[in-house]
Amino acid sequence: MRKVDIERLKDFFFEAAMTTYASGAKPENVSAFHAKGYFYNKITEGDHYEYHDVYFDAGKGKNFGFTLISINGQCVWTMNYHGRIIDRKYIKGVKNKKLMDFLKKELMDAYKKKLFMGGRGYNFSNDGGVFKYRNTIISSSDFEEFSGEEEITLPRTAPLLFYHYYEGGL
């Protein structure tokens with residue numbers, strides 16, 4: 001395989017990310033793994049790009065998954081993540097929907113601006129009072145190698161509601 005064009009790969013990442021989880025699209029069942037996933041593909045300049053974001057619900061608010069991009073069938077970029085929802089009141093129902101909608105908004109804001117912060121949202125954001133988002137880069141936010149953690153808290157009382165650890169790269 002020839003050398004990967006990093007800028008084209010990043011453009012594809014943002015395009016795919018904006019049409020999958022962060023967009024509110026419904027996930028597909030991945031029955032072989034009892035998981036759910038989002039898939040996007042595109043042929044550009046003769047190359048077949050594929051985006052896979054597969055996640056597993058481990059119960060009690062815990063989840064883990066991976067995102068990968070392949071070109072012409074060869075994996076060239078990946079990210080893995082794991083985390084959980086801490087407060088049981090936010091695991092299901094209306095509170096869960098509000099929490100996840102807030103996370104999707106944070107991700108979409110970064111994706112639309114093509115701001116790569118480890119494939120997650122901005123360093124810090126507040127939605128005006130309900131939730132507070134923080135993305136802490138641990139090693140690097142470079143597309144080629146990165147790691148960090150994201151969290152959502154309640155701004156006034158600051159209890160941790162949700163977190164993910166993530167890492168990845170070429």
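Greater than 28 Å separation of Cα atoms is the criterion. Which listed pairs, 42/114; 10/92; 3/62; 36/98; 42/112; 10/95, meet it? Don't skip to the answer; put the middle values down first.
Values: 42/114 18 Å; 10/92 33 Å; 3/62 37 Å; 36/98 20 Å; 42/112 18 Å; 10/95 33 Å.
With Cα atoms farther than 28 Å apart: 10/92; 3/62; 10/95.
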Quick check: at a probe of 1.4 Å, how many percent of the accessible area of segment 118-170 sits on carbon and sulfur atoms?
47 percent
Largest first, please: the extent of the C-alpha atoms of segment 27-170 along each principal axis, to the nearest Å.
52, 33, 23
I need the phi-derived Karplus couplings for segment 158-165: 6.51 cos²θ - 1.76 cosθ + 1.60, θ = phi - 60°, integer Hz, Gly and Pro marked x.
6, x, 6, 9, 8, 8, 9, 9
Crossing angle, helix 6-19 versus the chain [Cα axis fit, 0-90 degrees, rounded to tens]:
50 degrees
Answer rounded, prolate or oblate for segment 1-40, using the Cα gyration tensor with square roots of eigenvalues a ≥ b ≥ c: rounded when a/c is under 1.5, else prolate when a/b is larger than b/c, else oblate.
oblate
Euclidean distance of C-alpha centroids, segment 84-154 and segment 1-44, integer Å:
18 Å
Quick note, segment 36-81: a/c under 1.5 would make it rounded; otherwise a/b > b/c is prolate and the rest oblate (a ≥ b ≥ c, C-alpha gyration tensor); here it is prolate
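Let me know the shape class of segment 66-111, please: from the alpha-carbon gyration tensor, a ≥ b ≥ c as square roots of the eigenvalues, rounded when a/c is under 1.5, otherwise prolate if a/b is greater than b/c, or oblate. All intermediate terms of the calculation are to be shown ahead of the outcome.
Details: a/c = 3.59, a/b = 2.15, b/c = 1.67.
Prolate, because a/c is 1.5 or more and a/b exceeds b/c.
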Sequence-distant or interchain residues sharing an amide H contact under 5 Å with residue 161, placed H: which?
152, 153, 154
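The values are calculated or read from the model by the stated rules, or taken from the named source; none is laboratory data. Being a predicted model, the structure only gives us computed values, none of them experimental. Note: areas computed on protein heavy atoms with side chains; ligands, DNA, RNA excluded. Shrake-Rupley method; radii C 1.70, N 1.55, O 1.52, S 1.80 Å.
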